[in-house]
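None of the figures in this text is laboratory data; all of them are computed from the coordinates on show. Quick caveat, the model's predicted, so the values are computed rather than measured. Here the Cβ is made from the backbone with ideal geometry for all residues, glycine too, and neighbour counts use every protein chain on show.
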């Protein structure tokens with residue numbers, strides 16, 4: 001993710017929302033557009049400020065923990081990767097327990 005581009009987009013959205021709010025046409029659609037631009041600009045600005053900490057936290061996070069959230073892609077049918085996967089072992093039935101009565 002490019003931090004400079006994120007900051008520029010946040011600044012443009014904040015500026016566009018401010019201009020639309022003060023100098024734009026009256027009405028609900030203009031004020032809704034201005035409010036949306038300001039809200040998204042503020043969120044992107046906060047992300048721009050926090051991006052170095054987010055990237056360092058992602059680098060320190062172990063791979064197995066990220067595997068919980070990011071699933072591996074299943075190979076398409078007919079690919080070589082599918083043939084190399086081990087076949088699952090059939091589960092053996094457990095023996096019955098005898099009662100003491």
Rh (Kirkwood, all Cα-Cα pairs) for the range 3-62, Å, reads 12.5 Å
By the mean-Cβ-within-10 Å protection proxy, highest first, 41-52, 56-67 rank as 41-52, 56-67
